[in-house]
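Visitor: Handing you a structure now.
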Amino acid sequence: MNPRLEVLKQRVRDGEGRALRRQEPVNILAECEAEHLSWSKRAARLTVRQCEAETPVLSPEEHIVFTRTLPATIPAVYAADEWDHLTRGRTLHELGPVSNICADWGRALSQGLLGRREVALASLKRYGDEPQAVDFLEGAIETIDAVLALAQRYAEAACRMGREEISEILTRVPARAPRTFHEALQSLRLLQAVVWLGGNYHVGLGRFDQYMWPYLKADLEQGRLDEGAAFDLLAEFFISLNRDSDLYPGVQQGDNGQTITLGGVDRKGGTAVNPLTSLALQVSREVCLIDPKINLRISASTDLELLTLGTELTRKGLGFPQYCNDDVVIPALTACGYRLEDAREYAVAACWEFLIPGKAMDVVNIGAVSFPAAADQAIREGLLAGENMAGILNRVRGNIAEQVHDLAGAYEKLLLPPAPYYSVLMTDCLEEGRDISRGARYNNFGIHGAGSANAADALAAVEEFVFRDRSVPPAEIIAALGADYEGYEGLRVKLAEKAPKTGNDDDRADRFLVGLFQMLAEACEGYGTTSRGGILRPGSGSAMYYVWLAQGHPGMREPLVGATAEGRHRGQPFGANLAPSQGVQMRGPFSLLLSYGKLDYRRVCNGGPITMELSDSVFREPESVRKVALLIRAFAQQGCQQLQLNSVNVETLRDARIHPELHKNLIVRVWGWSGYFCELAPEYQDQIIARHVFAAG
């Protein structure tokens, strides 16, 4: 990168923008109450006042502007007692507001906010006799006007500084359709930033190389940009996404959902890979920041050159790109009711869950089924009752079904607050006079299946030693689990080291893995239609639950589990996503792919990646990058669904625990996102250090 970009990047890492933020949030509660505003109008007023309170900030080095000057706290639009009354008997999702969806950025850019305003005005005439639609549309128009006013204030500030080019750009966008790549990037930066201002979060950027390529293509063809200038603009845009990311909520710093999706096929099934696909990978490799998190859509026939470029990015240790296999994902989505042309347009939400930009109000994480808890309860109770393996598995099936019912039942009274500005950016909300909180074309719920390897390994150990070779009496297993293996270390070692393990292409363990996800799919399919008119989408990811289910967390609905029969102590985290149990001796990465390729992903369509940690020693040989690229190709050819690769050095991670001041830029993949290692809580640092690492050789 050039010196100007290096300066901008360093300012981001130094947190210079934080000094510009006001300390107190905007207070709009009094006016909301005095005017007796509806909830929708209050949400609109929130966006309006937040935009008005922003102070334009431009530095001489910036070509893409917007720096948030408001604090992370989102102003209340209801008093505490009113809020309690409004939400009583209802379920709020996570922090409450609409989150973890993706706008139709292509439409928002191509129409501009003035175009979206015209759509809203036309709908006002069409739905003039429907009070709820009128209320929503009027509020949506207010938010559009507020964003336009904010852009104009930035344009005026740029003019005062003598930044005529920036002033001209902001006079045009986001009001109108961009004419250039620079204008499109600036428009997207401002449009997305305002979504956060309104209290919505995990704001994904969707199929970035699809909707942005026409602007870059025109610039290149007409000689307005060369490849170097395009690189610099995109690098600055990527840097800008990190400018305020410390404000964005998540389980840990970095868990902010700023993802982009690249590659794949288009709506007609043809290749969607274009020069911007490669450029985005190259820019991310050079910028080396945690945002945007990149997802690369591939297939068994993807060109090895693109896979190699993705591997070169993995080599940097950022934990992305995450790979999604179109050959598996698209059929899975269509099997779950998504239209084929929509399924081909899928993007990835905050972590790995699949959704359709602009058309989905899917709530992709309503909780996780604890496979270890389901298996552990079945093992203890089944052995105590003198049952055989079939009886234990029947108990597992019942436990999983009960967890699914409890998780989904809690969301039958889901309450999503209005999001009028976010709705402006969606595909059909303005056109149909309907806030996105009331639903979209797709309104499904996602349930994670967490701790799958541990549960499968526990079941395999019981079958192997209790029922197959009869070397361990049932009573001994029950007693050892109850004692957390205190006094039973020999048995614990036997269970941990001698039993079959998932991830080694061993059907003795893998058949239980396959069975667990079949049971989850059956339970979700058997639940039927939800109160929002959608289905339950089972997935194979774990999110933060690989720690929470083992160590507990406030407000959890999922059952906590103690020591488990694969030799794991109470409190030890489970394997993240589709990954081996911690401490398991692995044959190699191809065996891992063979194990996880056995799953029927057509029934497990909420996403969830195979997660592999590669030692940085893997990349030291000249042919190493190509070998890893071939591993990625094998992942797709084996029929697996998603893949996360992380390049790590365990000794560096350990040193970072001791000397964090020397490693502040050290980035790792946590579960479905990447963050700075030294900013993570100790339990997540410990789990990352303890993961199995595939080394060279």
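Visitor: If the chain between Ala690 and Asp507 were fully stretched, how many nm would it gain, using 0.36 nm times the residue separation less the Cα-Cα distance?
Guide: 63.3 nm
Visitor: Additional query: Checking the a/c ratio against 1.5 first, then a/b against b/c, what shape does the Cα gyration tensor give for the stretch 1-196?
Guide: Oblate.
Visitor: Further question: Go through 121-129, 373-381, 342-350 and give me the packing order, highest mean Cβ count within 10 Å leading.
Guide: 342-350, 373-381, 121-129
Visitor: Using +1 at the C-beta of Lys and Arg and -1 at the C-beta of Asp and Glu, which of Leu121, Met1, Ala140 has the Cα lying farthest in the positive direction of the dipole of the stretch 1-196?
Guide: After comparing all options, I get Met1.
Visitor: Now, a different point. Between helix 131-160 and the chain, what is the angle of the helix's C-alpha long axis to the longest principal axis, kept within 0 to 90° and rounded to the nearest 10?
Guide: Long axis of 131-160 versus the principal axis of the chain: about 70 degrees.
Visitor: Also: Given Cβ point charges of +1 (Lys, Arg) and -1 (Asp, Glu) and nothing else, what value in debye, to the nearest 20, does the dipole of the stretch 1-196 about its Cα centre take?
Guide: 560
Visitor: Sort the following peptides by mean Cβ neighbour count (other Cβ atoms within 10 Å, averaged over residues), highest first: 454-466, 653-665, 522-534.
Guide: The most tightly packed comes first, giving 454-466, 522-534, 653-665.
Visitor: Using the beta-carbon distance between Arg176 and Ala385 and R0 = 56 Å, what value does 1/(1 + (r/R0)^6) give for FRET efficiency, to the nearest 0.05?
Guide: 0.20
Visitor: Could you tell me what percent of the DSSP beta bridges with both partners in the chain are antiparallel, to the nearest 5?
Guide: 25
Visitor: Compare the Cα positions of Gly270, Asn443, Ala461 along the charge dipole of the chain (+1 at Cβ of Lys, Arg; -1 at Cβ of Asp, Glu; about the Cα centre) and return the one farthest towards the positive end.
Guide: Gly270
Visitor: Note down the magnitude of the dipole of the chain about its Cα centre, charges +1 on Lys and Arg C-beta and -1 on Asp and Glu C-beta and zero elsewhere, to the nearest 20 debye.
Guide: Once rounded to the nearest 20, the dipole reads 540 debye.
Visitor: Highest mean first, what order results for 396-407, 205-216 on Cβ atoms within 10 Å?
Guide: 205-216, 396-407
Visitor: If you don't mind, there's one more thing I want to ask. Between Arg620 and Asp406, what length comes free when the chain is fully extended (0.36 nm per residue of separation minus the Cα-Cα distance, one decimal in nm)?
Guide: Residue separation times 0.36 nm, minus the Cα-Cα distance, leaves 72.1 nm.
Visitor: Next up: Once a ≥ b ≥ c are taken as the square roots of the eigenvalues of the Cα gyration tensor of the stretch 226-268, is the result rounded (a/c under 1.5), prolate (a/b larger than b/c) or oblate (a/b not larger than b/c)?
Guide: Verdict is oblate for the stretch 226-268.
Visitor: Could you give the distance between the Cα centres of the stretch 591-619 and the stretch 338-369, to the whole Å?
Guide: The stretch 591-619 and the stretch 338-369 have Cα centres separated by 19 Å.
Visitor: Once you charge only the Cβ atoms, +1 for Lys and Arg and -1 for Asp and Glu, what is the size of the charge dipole of the stretch 286-403 about its Cα centre, to the nearest 20 debye?
Guide: With only Lys, Arg, Asp and Glu charged at Cβ, the dipole is about 240 debye.
Visitor: Another question, then. Please identify every one of the trypsin sites (Lys or Arg not before Pro) in the stretch 1-52 that sits in a loop by DSSP and has no more than 13 other beta carbons within 10 Å of its own beta carbon.
Guide: In loop regions of the stretch 1-52 (DSSP not H, G, I, E or B), the sparsely surrounded trypsin sites (Lys or Arg not before Pro) are Arg22.
Visitor: Sticking with this structure for a sec: Could you work out the relative contact order of the stretch 1-196, using alpha carbon pairs under 8 angstrom and six or more residues apart, expressed as a whole percent?
Guide: Result for the stretch 1-196 is 26 percent.
Visitor: Additional query: Work out how much length Asp145 to Gln132 would gain on full extension: take 0.36 nm times their residue separation and subtract the Cα-Cα distance, in nm to one decimal.
Guide: Roughly 2.6 nm would be gained on extension.
Visitor: Also: Once R0 is set to 35 Å, what does the formula 1/(1 + (r/R0)^6) return for the Cβ-Cβ distance between Glu33 and Met556, expressed as a FRET efficiency to the nearest 0.05?
Guide: The calculated FRET efficiency here is 0.50.
Visitor: Please work out the Cα center distance from the stretch 281-328 to the stretch 107-181, rounded to the nearest Å.
Guide: Taking the Cα centre of each part, the stretch 281-328 and the stretch 107-181 sit 34 Å apart.
Visitor: Still on this structure: Between Thr87 and Cys159, what is the label-point separation in nm under the 7 Å Cα-to-beta-carbon projection?
Guide: According to this spin-label approximation, the distance is 4.3 nm.
Every number in this text was worked out from the coordinates using simple rules, so none of it is lab data. Since the structure is predicted, the reported quantities are computational estimates derived from the model, not experimental observations. Counting neighbours? That spans all protein chains shown, and the Cβs are built from the backbone with ideal geometry, glycine included.
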